[in-house]
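J.: Have a look at this one before I ask anything.
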Amino acid sequence: MHVLRTPEERFSALPDFPFPPHYVDVAAGDGDNCLRVHYLDEGPRDGEVVVLLHGEPSWSFLYRSMIPVLVAAGRRCVAPDLIGFGRSDKPVDRADYTYARHVEWLREALFDHLDLASITLVCQDWGGLIGMRLVAEHPDRFARVVAANTGLPDGTATLSDAFLTWQRFSQETPQFPVGAIIENGCRAKLSPEAVGAYDAPFPDESYKAGARAFPLLVPTRPDDPAAAANRRAWEQLARFDKPFLTAFSDGDPITAGGEKIFQRKIPGASGQSHTVIEGAGHFLQEDDGPRLASVVNHFMDASSQHPTERQ
């Protein structure tokens, strides 16, 4: 496995991002190599753990406005960069990226190395596709879940036209302009510095194999390599009775309406105060991160005070 590591100087001038990096090594899955996973770890070590999972093609920079709000409430925030993104290592061959490997890489980082438990998961985009698998396969590690603009497709439903258009674009465009893609997924206009921060992990196109691979890893047909595993995950999630909240935005054509399947199928979602983040696009952390963080804080407080009651 040929692996690239983004030079550290690419991250030397990030706006509103004072968080020091942390790293663990995970097995690459090819029998020989290890891959370095970067994560943020902010707040008191004895605080309730909030794991913040980004998606495509962002990185933990996405959570910079949420972390201070959560830490001020006494939470410990752990925000990893998925392999292929941010400060984490980037295999060059797109074939090295599989859905199953992404799940295993994150499982090893969060559980084997960091030994996190009683987790509140906050997941968006691919953060949910991977994070929900971990919830289904290791429910004892999680206390509650906040799902934001995400899903867990198993190949049995037709995905939105907006997603299929994005999927085609991701494969056909000669250049993959990560910062511009993030900005296009927001309602607000990003500063040039913020756009540059999303471009920072990728000095050139050779670093973007993971970003290019992700759209094709979404199960879009029943015989997709990940479809059966996701169907098994749904079987487990249908028994997940811990608090489960949806906090989707009102302006995301990719995941619009996707909250309904979680609300309908997951027992822990029953009776919760499901939230709509108004005026936000796909990357709702960019458009109104402090609002989403406040929703998470309220949800955690309410479900901790009344663990056997629905909100």
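The values are calculated or read from the model by the stated rules, or taken from the named source; none is laboratory data. None of the values given here were measured: they were computed from a predicted structure. Note that each Cβ is placed from the backbone with ideal geometry, even for glycine, and that neighbours are counted across all protein chains shown. Surface areas here come from the heavy atoms of the whole protein model, side chains and all, with no ligands, DNA or RNA. Shrake-Rupley method; radii C 1.70, N 1.55, O 1.52, S 1.80 Å.
J.: Is there a residue being at pLDDT 95 or above, more than 18 Å from residue 156 (Cβ to Cβ) and of a type outside the set (Gly, Ala, Ser) anywhere in region 218-238?
T.: No, region 218-238 contains no residue that is at pLDDT 95 or above, more than 18 Å from residue 156 (Cβ to Cβ) and of a type outside the set (Gly, Ala, Ser).
J.: So, residue 168, is that one farther than 22 Å from residue 135 by Cα, free of Cβ contacts under 8 Å to residues at least 40 places away in the same chain and assigned to a helix (DSSP H, G or I) or not?
T.: Values: farther than 22 Å from residue 135 by Cα: yes; free of Cβ contacts under 8 Å to residues at least 40 places away in the same chain: yes; assigned to a helix (DSSP H, G or I): yes.
Considered against the rule, which asks whether it is farther than 22 Å from residue 135 by Cα, free of Cβ contacts under 8 Å to residues at least 40 places away in the same chain and assigned to a helix (DSSP H, G or I), residue 168 comes out as yes.
J.: Residue pairs, Cβ under 6 Å, 6 or more apart or interchain, first in region 8-36 and under 14 Å from residue 79 (Cβ atoms) and among the β-branched types (Val, Ile, Thr), second open to solvent by 80 Å² or more (accessible area, probe 1.4 Å) and not in a loop (DSSP other than H, G, I, E, B). List them.
T.: So the pair list comes out as 24/113.
J.: A further question follows. Just name the residue that is nearest to the chain's Cα centre (by Cα) out of those in region 118-156 that are closer than 14 Å to residue 285 by Cβ and among the aliphatic types (A, V, I, L, M). Step through it out loud before you land on a result.
T.: Narrowing region 118-156 to residues closer than 14 Å to residue 285 by Cβ: 122-128, 146-150.
Retained after the next criterion (residues that are among the aliphatic types (A, V, I, L, M)): 122, 146-148.
On the way: 122: 8, 146: 11, 147: 10, 148: 9 Å.
Applying the filter and picking the extreme gives 122.
J.: Test of understanding: among 168, 221, which residue is touching a helix residue (DSSP H, G or I) at 6+ places or on another chain (Cβ under 9 Å), more than 22 Å from residue 100 (Cα to Cα) and open to solvent by 40 Å² or more (accessible area, probe 1.4 Å)?
T.: On the way: 221 fails: more than 22 Å from residue 100 (Cα to Cα).
That would be 168, the only listed residue that is touching a helix residue (DSSP H, G or I) at 6+ places or on another chain (Cβ under 9 Å), more than 22 Å from residue 100 (Cα to Cα) and open to solvent by 40 Å² or more (accessible area, probe 1.4 Å).
J.: Here is a follow-up. Which members of region 112-159 meet the condition of being closer than 20 Å to residue 85 by Cα and of a type in the set (Phe, Trp, Tyr)?
T.: 126
J.: Residues in region 240-267 that are in contact (Cβ under 8 Å) with a residue 40 or more places away in the chain and either open to solvent by 60 Å² or more (accessible area, probe 1.4 Å) or in contact with a Ser or Thr (Cβ under 9 Å, 6 or more places away or on another chain) (or both): how many?
T.: 15
J.: Now a separate question. Report, by residue number, each residue of region 185-218 that is loosely packed, with under 13 Cβ neighbours inside 10 Å and either more than 28 Å from residue 277 (Cβ to Cβ) or without any contact (Cβ under 8 Å) to a residue 24 or more places away in the chain (or both). Lay out the reasoning, then the answer.
T.: In the first step, residues of region 185-218 are kept if they are loosely packed, with under 13 Cβ neighbours inside 10 Å; the result is 189, 191-193, 204-206.
189, 192, 204, 205, 206, listed by residue number.
J.: Suppose we filter 143, 136 for residues that are touching a residue at least 60 places away in the same chain (Cβ under 8 Å) and farther than 24 Å from residue 220 by Cα; which single one remains? Even if it seems obvious, please write down each step before you answer.
T.: Numbers: 136 fails: farther than 24 Å from residue 220 by Cα.
Within the list 143, 136, the selection yields 143.
J.: While we're looking at this one, here's another question. Could you check region 224-239 and list, in sequence order, the residues that are in a helix (DSSP H, G or I) and either open to solvent by 30 Å² or more (accessible area, probe 1.4 Å) or in contact with a Ser or Thr (Cβ under 6 Å, 6 or more places away or on another chain) (or both)?
T.: Pass one, region 224-239, residues in a helix (DSSP H, G or I): 227-237.
Once the filter is applied, which keeps residues that are in a helix (DSSP H, G or I) and either open to solvent by 30 Å² or more (accessible area, probe 1.4 Å) or in contact with a Ser or Thr (Cβ under 6 Å, 6 or more places away or on another chain) (or both), region 224-239 yields 228, 231, 232, 235, 236.
J.: Also, I was wondering about something else. With the requirement that a residue be open to solvent by 10 Å² or more (accessible area, probe 1.4 Å) and either over 15 Å from residue 234 (Cα atoms) or part of a strand (DSSP E or B) (or both), what does region 147-165 give you?
T.: Result: 158, 159, 160, 161, 162, 163, 164, 165.
J.: Another question about this same structure. Take region 93-119 and flag every residue that is of a type in the set (Val, Ile, Thr) and in contact with a Phe, Trp or Tyr (Cβ under 8 Å, 6 or more places away or on another chain).
T.: We begin by selecting, within region 93-119, every residue of a type in the set (Val, Ile, Thr); these are 98, 103, 119.
The answer is 119, and nothing else.
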